[in-house]
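See structure below.
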Amino acid sequence: MNDDEKMNDDEKISILLSNMTNELVSSRVRVRAIVELLEEKGLITREEYENRFKKVFERDAISYRNDLLKEVKIDE
C-alpha cells in the first residue's frame, strides 16, 4: 500500500486546500510586486491596471476556472 492509499479523504482535502492557498497567496504577491514596480517606474497607473484587470478577468476568468476544475477532476 502506497502513501496515497494510506491517506484518508480528509487528509487529501486538507493537503489540496493548503497547496491551493499557498499558490493563491504566491500569485497575489507576485502580481502586486509587478504592479508596484511598474507604478514606481511610471509605466502604468493604478487606474490603468484596474481597468485592464477587469477587462482580462471578464475575458479569461471562466475559461481559467474551467481548466482548473478539469485538472482537479482528472487528478481524483
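Computed quantities for the displayed model
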read-out: Test result for Asn8, in the same structural domain as Arg65 (by TED's automatic domain parsing), over 20 Å from Glu71 (Cα atoms) and out of contact with any strand residue (DSSP E or B) (no Cβ under 8 Å at 6 or more places or on another chain); value: no
read-out: Options Lys41, Lys12: the member that is of a type in the set (Lys, Arg) and surrounded by 10 or more Cβ atoms within 10 Å (Cβ to Cβ); value: Lys12
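The values are calculated or read from the model by the stated rules, or taken from the named source; none is laboratory data. Keep in mind the model is a prediction, meaning the values are calculated, not measured. Every residue, glycine among them, receives a Cβ derived from its backbone with ideal geometry; neighbour counts consider all protein chains shown.
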